[in-house]
Structure formats: C-alpha cells, structure tokens
Amino acid sequence: MRLVLLADTHVPRRARDLPDAVWDAVDAADVVVHAGDWVSEDLLDVLEGRSRRLVGCYGNNDGPGVRARLPLVARVELDGLRLGVVHETGPATGRERRCDAEHQDLDVLVFGHSHIPWDTVTPQGMRLLNPGSPTDRRRQPFATFMTATAAHGRLDDVVVHRVTRG
C-alpha cells in the first residue's frame, strides 16, 4: 500500500496550489495522510476528490469548516498497521515519551506543525513521522513531503522528498 504523508500545506496562504510533484505522488498513492493546517476547505475538497483514500486531521490554523469535517486525531488500520495522525505533539524535547503516553494504540504517528521533517522511534517502538511542509519550508533548506509503504503491519520505504518550485 503506497502512502503519501503531508502536513502544513497552508493553501492558499503560503502557495496557490500544491507542487506538481505532490500531486503526482497523490495520484499514485493508495492512501494520502494529511497532518493538518490545510487552511482552506477547498484543498480538502480537491484532495478528497483525487485521493483513493484520505486520512486527515485539523491543525491550529484550520477554521470551523475544516474542523467540522476532520478530527483532532485520526486513527486507521492499513493492512495491519495502526496509524494515527495529529497536528501538534508539543516541543521536540520529550516528544517520544509524550507520544508513547498519549498514543499507546499506534504503530505510527504522523504529525505536523513545525514544518520540520522528523523520523524517530519512541522507547515503546512507535514510529514518529513529520513530513515537513511542501509549500512553506520556514527555516528548512527545502520544502518537503514523505512517501512510504504499508504492508502486513509494517511501515517501510519512508522517503523524504524535497520539493522544488517551477
């Protein structure tokens, strides 16, 4: 099962649209996971229409329309893999232990908010992934998103993709 992991798209505030590389990945994916800060329901509508399956949550910059349609934390099972998505996990210091305590039922937690790509494993073995942002790199050298595969309860082939404009 091919996954695309997104967060902090901020469309249309930070970009008018997602980069072509992201749309290509979305079109090829079995599941698109979005960790919040959509900013507009329009992008949610388009991603729902183009995705085979969309799993998402709302972020701190999302208004009442997005919040009415998405949960604070989404949980799904993908071929035996227990995956969750949330926007904020708090400061980097102590993140792994906090996430173990707050999300004991998950194998993988995708999060956003910082715009900083992140890939660690908690003391209890949960994988924590932040795909960064494909539209607003902030202090990072590149805008980013992630792809991965899920099969038989495992997450493999996690890749951080650098996004170039133009």
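One line per residue, one yes/no per condition, for (1) on the phi < 0 side of the Ramachandran plot; (2) of a type in the set (S, T, Y); (3) surrounded by fewer than 18 Cβ atoms within 10 Å (Cβ to Cβ); (4) free of Cβ contacts under 8 Å to residues at least 40 places away in the same chain:
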residue	(1), (2), (3), (4)
L5	yes, no, no, no
P12	yes, no, yes, yes
D24	yes, no, yes, yes
V33	yes, no, no, no
L44	yes, no, no, yes
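Residue-level check: of (1) over 15 Å from G132 (Cα atoms); (2) outside any loop (DSSP other than H, G, I, E, B), V33 misses just (1).
For region 51-64, the candidate set comprises residues that are out of contact with any helix residue (DSSP H, G or I) (no Cβ under 6 Å at 6 or more places or on another chain) and farther than 22 Å from M1 by Cβ; within that set, the residue that is surrounded by the most Cβ atoms within 10 Å (Cβ to Cβ) is G59. Here G112 does not fit the description of being touching a residue at least 24 places away in the same chain (Cβ under 8 Å), on the phi > 0 side of the Ramachandran plot and either buried (at least 18 other Cβ atoms within 10 Å of the Cβ) or not in a helix (DSSP H, G or I) (or both).
The listed residues are E77, E48, and the only one of them that is among the acidic types (D, E), surrounded by fewer than 16 Cβ atoms within 10 Å (Cβ to Cβ) and outside any helix (DSSP H, G or I) turns out to be E77. Scanning region 8-54 for residues that are of a type in the set (A, V, I, L, M), touching a His at 6+ places or on another chain (Cβ under 9 Å) and closer than 19 Å to P117 by Cβ yields a count of 4.
The numbers here are math on the coordinates, done by the rules we state, and not lab data. A quick note: this is a predicted structure, and the numbers were derived from the prediction, not measured. Cβ atoms come from the backbone with ideal geometry, glycine included; neighbour counts cover every protein chain shown.
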